Amino acid sequence: MRWDHLGDTPGGATAPADITLFGTDAVTTRTFDTPEFRGITFHEVRARSILNRVPGASRMPFEWTVNPYRGCTHACVYCFARKSHSYLDLDTGLGFDSQIVVKVNAPELLARQLASARWQGAHIAMGTNVDCYQRAEGRYRLMPGILTALRDRANPFSILTKGTLILRDLELLTQAARVAEVGISVSVGFTDEELWRTVEPGTPSPQRRLDVVRVLGEYGIDCGVLMAPVVPFLGDRPEQLRETVRAVAEAGASSVTPLVLHLRPGAREWFMRWLREHHPGLVGRYERMYASGAYAPTWYQRRITRQVHELAAEFGIGPAHRGASRRIPLPEGPAGAAAPEQLTFL
């Protein structure tokens, strides 16, 4: 494994050793013999920087991110972040799912960087690379400290997650919303349980994620749904799109924004391997659809977007502007409601 070459330079370029994100002397490797972490290795590192500037050529509508983890036990076969594991000489397939880098000093480091006179209070996006509420967060508890640092500096932020653990931090989220713009989105690309079990095996089920949307809404917190990914030929039939948008609407989502599957290097190879095993008859169709690169043809993306937006209008919800944060009203909770609990995976 390589650690000391990993630099904090635009576009992921290599940096000199004195400004690397972390060095070999800052890594502790652990395994835990508990059912939820069996087969997973954690590499605890003390990062030198936690605020990441998004490369200028990126399509992302935000400039800064915070990623307390690298690798993800959600094990989504399509995850675009898989390529990042190759920078550490780690496997982008099973290694990405089971070799998790944990930046154990993320909260204190973020607090220090936000306090710097050079920091201008820009919006910070979380969950855009790997999920900050993946299973590891239940043990390492990095997000409470991160949210506290953002709240104390009144810094705007957004979170995208597939994890139900976000409900643990409901109080911190509402405190942050008193002083800053906060946006929350849950990723639910489909409600088909068979598809979920094979392409997102380590995630809470789509219904449990929609329960998160519902609970947040009951406490007065608007939550949008990123309908991602829409999987060509497996999750894009009109009746599948209708069922997903209907479920999103019933959960009380404030918006729904579709995003068609894209296959970047690292993710592409792993997804195509999965496709050959589970749906060999679709391999040729995928090779043709993604022959020009990581993204599906524009005509296909526009068709899916139009269908989802029409369904959203029918069910009384509309598309959100990606990356836009929204003010969260101060929740008092539904009458007689108990404090929210962590939702189960199934």
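For this structure, a couple of remarks:
- Remark: spin-label model distance Arg112-Trp64 equals 1.6 nm, labels positioned 7 Å along the Cα→Cβ axis.
- FRET efficiency, 1/(1 + (r/R0)^6) with R0 35 Å, evaluated for Thr28 and Trp299 via beta carbons: 0.10
- Compared with the direct C-alpha span, the chain from Arg246 to Glu36 gains 72.4 nm at full extension, assuming 0.36 nm per residue.
- Probe 1.4 Å, protein heavy atoms only - accessible area per residue of region 118-175 in square angstrom: 33 Å²
- Accessible area of region 26-147 belonging to carbon and sulfur atoms, whole % at 1.4 Å probe: 49 percent
- Within the accessible area of region 156-274 (1.4 Å probe), percent carbon and sulfur: 51 percent
- Residues whose placed amide H lies under 5 Å from that of Glu44, excluding near-sequence neighbours: Thr28, Thr29, Arg30, Val102
- Local net charge near Leu114, Cβ-Cβ under 13 Å (Lys/Arg +1, Asp/Glu -1): +2
- Surface listing: Leu160, Leu234 arranged by accessible area from highest to lowest gives Leu160, Leu234, probe 1.4 Å.
- Averaged over its residues, region 193-304 has an accessible area of 42 Å² per residue, based on protein heavy atoms and a 1.4 Å probe.
- Net +/- balance of residues flanking Pro265 in space, Cβ distance below 13 Å, scoring K and R +1, D and E -1: +3
- Extension gain, Thr198 to Glu239, is 12.8 nm, computed as 0.36 nm per intervening residue step minus the present C-alpha separation.
- Equivalent ellipsoid, region 37-189 (semi-axes from 5 times Cα gyration tensor eigenvalues, Å): 24, 17, 16
The values are calculated or read from the model by the stated rules, or taken from the named source; none is laboratory data. Here the structure is a predicted model, which means the values were calculated and not measured. Quick reminder, even Gly has a Cβ in these numbers, built from the backbone with ideal geometry, and neighbours come from all protein chains shown. For the accessible areas, the whole protein counts, side chains as well, though only heavy atoms, and no ligand, DNA or RNA atoms are used. Shrake-Rupley method; radii C 1.70, N 1.55, O 1.52, S 1.80 Å.
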